[in-house]
Structure formats: structure tokens, C-alpha cells
Amino acid sequence: MEKVNVYIDGPNLLGAVGETLRKRIWLDPFKLAGFLIDDRIQRIEKIYYAETPYPETSFQLETFRRQQSFFGYLHKYTQSKQIVHIRGHYRIDKMRVPQYILSGLNPSVQKLVASLVWTRPVEKGGDVGLAVRLVRDAFQGNFDHAILVTEDQDFAPAIRIALSCPGKKVSISYVNNSFRNAMALRNQCEEAGFIQITRANINNCILETG
């Protein structure tokens, strides 16, 4: 049997599913991983899921509560060591109106608009943690085949390093909709395999977190 590790970029998957269903929906990562393999010839060794808890004061309360509900569900898998949950951290960035927008405004309002400042939480570290584990597991021989669920082209270097290890295969799994098709990542990793996550897969993995 081929040993498979599954690496899930939670925020990227959440965004792709949201664009497909027109609402924020979390999926059961254990069920999803099961749809990505052929269980006649493959078995899942480990699932890594990367998603950072939202700062309570920086997101709508309902969104924060729904994510916490999802993490509560995820805990049953992490407790049994079926899934490893990778957490990053949020950095609060100060945002301003970009100069290219300011330059197109009437001079009478430029100063006012330039003075506008707001904050935005920016997630850091989760995707790096996922990439590090992919590369580490490739060098340590912890899988025969890695499936990476993401469309983020920042993972391209890690994928190429993993593929350079003798006998290792890597597949990119992605939600194919009118907004995304992972083409930028796929073009940088032509030696990787590609697995589409279908609407049926999504529907069969939906978690009720409301």
C-alpha cells in the first residue's frame, strides 16, 4: 500500500469553498482526505491541517464562534492523533489608502483620505509550518505520496524540494471554480500530480458550525 500524507491549507480551502458555495463553510478534513485517495492501493498515514484561531476582537463575533466550533470538532481528531493541527499567529497591521489611489483623487480631498487609518489582522506562520512539515516528511521518508490541498503558489518551493527526494510523489489538490484553478501553482510544479476537489466532495464534507 502506498503511504499518503495529506497537508491542508485551511484558510486557502476555506476561501475556495466560500467562493463555490457563496458562504463561509468549514469542511471535515478527515472526510475530505478520504476522498483524495484510492483506498484500494493507498492508506493515509498522517493529516496536517493548518488554520490559526481568529483574534476575538478582530473578527465578527459570529465568525469567531463558528471557527471555535470547528476547532472543537477538530479536537476529536487531534486528540486521537489522526490529525495534527498547525497554528500560526495573527499580526495586526495598520492600513492606509494606497498612493496610486490617492494620486487619482481631487486635491481637495487627498489630505483627508490620506489621513484614514484602519487595522487588519494578517495571519502568519500557518502556511510556513505546513511547508516545513512537507519538506521534513519527504526527507525523513514519512510518506510515499504527499497530497497538498492549496492553490497558494508560495508552496511551490516546498513542493519542488519534496519532489527532488528519490521516490517521492506530490499531488496538488484544489477546488476548481470560476474564481480559482490553481494554475499559477500548477505551472510552477509541472512534475506534481493534480487532484480536483469536486462540488460533490465539498457537499459530503460540510460541517455545521452555526
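Antiparallel beta bridges, as assigned by DSSP with both residues in the chain, represent about 25 percent of the total such bridges. Helix check for the chain. Which DSSP H runs span at least 15 Å along their own axis by Cα, with a mean Kyte-Doolittle hydropathy no less than -0.5? In the chain, the long hydrophobic H runs are 10-21, 126-140.
Ordered by the number of other Cβ atoms lying within 10 Å of each residue's own Cβ, fewest first, D39, D144, D137 fall into the sequence D39, D144, D137. Evaluate E = 1/(1 + (r/R0)^6) for I101 and F194, where r is the Cβ-Cβ distance and R0 equals 45 Å; express this FRET efficiency to the nearest 0.05. In this case the efficiency is close to 0.75. Among L116, L163, L36, the residue with the largest mean-square fluctuation in a Gaussian network model of the chain, with springs joining Cα atoms closer than 10 Å, is L116. If I compute Rg and Dmax of the Cα atoms in Å from the structure I just sent, which labelled value in [x] 19.3, 70; [y] 19.0, 60; [z] 16.3, 50 lines up? Correct label is [x]. Of A200, A146, A131, the residue with the greatest mean-square motion in the GNM of the chain, using alpha carbon springs below 10 Å, is A200. Placing a pseudo-label 7 Å from each Cα along the Cα-to-Cβ vector at V132 and S115 gives an inter-label distance of 4.4 nm. Projected label points at N204 and K81, each 7 Å from Cα along the beta carbon direction, are separated by 2.9 nanometres. The GluC sites (Glu not before Pro) of the stretch 39-145 meeting both criteria, a DSSP state outside H, G, I, E and B (loop) and at most 14 other C-beta atoms within 10 angstrom of the site's C-beta, are E56.
Quick note: the coordinates plus some simple rules give every number you see, no bench work behind them. All figures in this text were calculated on a predicted structure; none of them were measured in a lab. Cβ atoms come from the backbone with ideal geometry, glycine included; neighbour counts cover every protein chain shown.
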